[in-house]
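Colleague: I have a structure I would like to understand better, so I am pasting it below and will then ask my questions one at a time.
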Amino acid sequence: MEIVVLRLGHRLERDKRITTHVGLVGRALGASGMLLASDDKGIERSIKEVTKWWGGDFFVQTGVKWREELKKWKQEGGKVCHLTMYGENILDVIDEIREEAKKEKARIMVVVGAEKVPYDIFDAADWNIAVGNQPHSEIAALALFLDYLQQGEELKTKFEHAEIEIVPKRKGKEVKIRE
Ligand code: SAM
């Protein structure tokens, strides 16, 4: 299964940290990349830097035209999950989405917003999903969605070509640095 995050409504300066965290959570929890509907090269650089050290091949593409990306994604058979507090409760739809995810070459786009999300997204989405119907955060919503979708398996992912790797310990800190 391929999972790509589409981040909408990123405001330069104000959302830098949040969008970076959306990307980092996506990377750490099983997505293969993030499309950013804003031309913020700083975000791209900082996530690439993390990937360079910590491995994997997470991509970040900035300045995307989200309408075109969504259309292309759907034409190619991909499914769209929009995370919104107005949607159906994740517990009521996750089995259906997991069934979809089991199909050969399944592709899931996860859309998260910042400010008000355009109505077209609600229409284009195959699922509008609420991680509870209370307002909270795109970072938390994304993390929980990815975890529910993959049932925790993403937490054991091994990241290829890492320069640094943590040796898990009950106490203290140990890292391996590649020579
Ligand atoms: N007022 C905005 C709206 O009309 O959608 C929500 C802003 S919220 C700070 C930013 C993003 O966090 C949303 O676009 C959504 O992706 C995510 N989000 C916040 N609460 C959520 C929830 N309960 N379930 C799913 N996603 C949520």
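Colleague: Filter segment 82-106 for residues that are closer than 22 Å to Gly30 by Cβ and within 10 Å of the ligand (Cβ to nearest atom); which is surrounded by the fewest Cβ atoms within 10 Å (Cβ to Cβ)?
Modeller: This residue is Asn89.
Conditions (1) closer than 23 Å to Pro135 by Cα; (2) at pLDDT 95 or above, marked per residue:
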| position | (1), (2) |
| --- | --- |
| Lys16 | yes, no |
| Ala31 | no, yes |
| Asp39 | no, no |
| Lys52 | no, yes |
| Phe59 | no, yes |
| Val64 | no, yes |
| Lys74 | no, yes |
| Val80 | yes, yes |
| Ile90 | yes, yes |
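Colleague: Considering each residue of segment 25-62, count those that are in contact with a Gly (Cβ under 7 Å, 6 or more places away or on another chain) and in a helix (DSSP H, G or I), and give that number.
Modeller: Number satisfying all stated conditions: 3.
Colleague: Moving on. So is Asp126 over 22 Å from Gly9 (Cα atoms), of a type in the set (Asp, Glu) and open to solvent by 20 Å² or more (accessible area, probe 1.4 Å) or not?
Modeller: Taking the combined requirement at face value, the residue does not satisfy it.
Colleague: Still on this structure, please answer the following. Would you pick out the residues in segment 107-152 that are within 8 Å of the ligand (Cβ to nearest atom), more than 15 Å from the chain's Cα centre (by Cα) and acidic (Asp, Glu)?
Modeller: The answer is Glu115, and nothing else.
Colleague: Going through segment 49-66 one residue at a time, which ones are under 18 Å from Ile3 (Cα atoms), surrounded by 15 or more Cβ atoms within 10 Å (Cβ to Cβ) and in contact with a strand residue (DSSP E or B) (Cβ under 8 Å, 6 or more places away or on another chain)?
Modeller: Listed by number, the residues that qualify are Gly55, Phe58, Phe59, Val60, Thr62, Val64, Trp66.
The values are calculated or read from the model by the stated rules, or taken from the named source; none is laboratory data. Only a predicted model underlies this, so the values are computations on that prediction, with no experimental measurement involved. Positions of Cβ are generated from backbone atoms using ideal geometry, with glycine treated the same way; all protein chains shown enter the neighbour counts. Ligands, DNA and RNA are stripped out before the accessible areas are found, and what is left, the full protein with its side chains, is counted by its heavy atoms. Shrake-Rupley method; radii C 1.70, N 1.55, O 1.52, S 1.80 Å.
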